Amino acid sequence: MNTTTKNKSNVEVVSDPESLAQSTIKTFIADAQKAIKAKDVFYVAISGGNTPKRFFELLGEAPQASSLPWDKIQLFWVDERYVRPDSKWSNYKLAVDTFLTRVAIPDANVHRIPTEDEDFNAAAQRYEETIREVFGLEAGKVPQFDLILLGMGSDGHTGSLFPNSYAAFDTEDLACVVYVLDEKLNRITLTHPVLRAASHLLVLVCGQEKAEILKTVLTSEPDEVRYPIHALWPVLDRVTWLVDSAAAKAL
């Protein structure tokens, strides 16, 4: 089922989390095949968390996914907690545990965010340099990912662009540090100019606890400070919201 809110968002509603994962696989495969046919490479950035976990498992299990030319896929991460790569909180480790060891992607094509460096800013700079090198970008240019896979938090954040965070205002860098107060972990995230430049953005929203925030962000006036996912509003024509029925119940 497709539904369109007043701001012309493309919202696809599926029945449950398994259907969401299956739809995500179809999108990933279709976008990969399209990009590889056009330019012989597929640039993709993925997120972490519970919502995409089943999709990752399917990447490692589904024959149509494993048969992709993984040597032509360049894999990046949208954001990462500042932990060691083998930490249970690592988005990279989630990918390793679910699909990276099951597909034929060369190590050289896997571009994790380097969080073992004690200097946060140096790590963000290293990640930006990696992006520029792999995309062949000149200074001042922004990469165009073929697909960026995002989620949305119950506070309206996406990636690690949190409400009232400096990262939401960083338009100079491709990747930046996110300093988080309280007990949470610091992060590194792609900035919103990188998100906006993507050919396709797929936002996964799952569970009834996301129903109210989904309704709010889709029906309220854009406010990137309060709801950082509103940073995508200038490019809504390239955003697909893939939502399970529980998250869509307030729409």
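Here are the numbers for this structure:
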read-out	value
Residue check for Arg238: over 18 Å from Gln125 (Cα atoms) and basic (Lys, Arg)	yes
Conditions (1) buried (at least 21 other Cβ atoms within 10 Å of the Cβ); (2) not in a helix (DSSP H, G or I): number failed by Phe55	(2)
When residues of the stretch 171-227 are limited to those that are in contact (Cβ under 8 Å) with a residue 12 or more places away in the chain and of a type in the set (S, T, N, Q), the one nearest to Ile46 (Cα to Cα)	Thr189
Qualifying position, being closer than 24 Å to Asn50 by Cβ, over 19 Å from the mean Cα position of the chain (by Cα) and modelled with pLDDT of 95 or more, among Val96, Val78, Val103, Val110	Val103
Single match in Asp97, Asp86 (criterion: open to solvent by 30 Å² or more (accessible area, probe 1.4 Å) and in a loop (DSSP other than H, G, I, E, B))	Asp86
One residue from Phe120, Phe55 being under 23 Å from Lys34 (Cβ atoms) and of a type in the set (Phe, Trp, Tyr)	Phe55
Count of the stretch 64-94 residues which are touching a strand residue (DSSP E or B) at 6+ places or on another chain (Cβ under 7 Å) and not charged (D, E, K, R)	11
Some residue of the stretch 189-196 being open to solvent by less than 60 Å² (accessible area, probe 1.4 Å), farther than 26 Å from Leu20 by Cα, at pLDDT 95 or above and of a type outside the set (S, T, N, Q)	yes
Single residue of the stretch 109-151 satisfying the filter (β-branched (Val, Ile, Thr) and not in a helix (DSSP H, G or I)) that is surrounded by the most Cβ atoms within 10 Å (Cβ to Cβ)	Ile148
Members of the stretch 101-124 that are free of Cβ contacts under 8 Å to residues at least 12 places away in the same chain and out of contact with any helix residue (DSSP H, G or I) (no Cβ under 8 Å at 6 or more places or on another chain)	Asp107, Ala108, Glu118, Asp119, Ala122
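Matching residues to (1) open to solvent by less than 40 Å² (accessible area, probe 1.4 Å); (2) modelled with pLDDT of 95 or more; (3) among the small types (Gly, Ala, Ser):
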| site | (1), (2), (3) |
| --- | --- |
| Thr4 | no, no, no |
| Lys8 | no, no, no |
| Lys39 | no, yes, no |
| Val44 | yes, yes, no |
| Gly49 | yes, no, yes |
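The values are calculated or read from the model by the stated rules, or taken from the named source; none is laboratory data. This is a predicted model, so every value here is computed, not measured. Every residue, glycine among them, receives a Cβ derived from its backbone with ideal geometry; neighbour counts consider all protein chains shown. Surface areas here come from the heavy atoms of the whole protein model, side chains and all, with no ligands, DNA or RNA. Shrake-Rupley method; radii C 1.70, N 1.55, O 1.52, S 1.80 Å.
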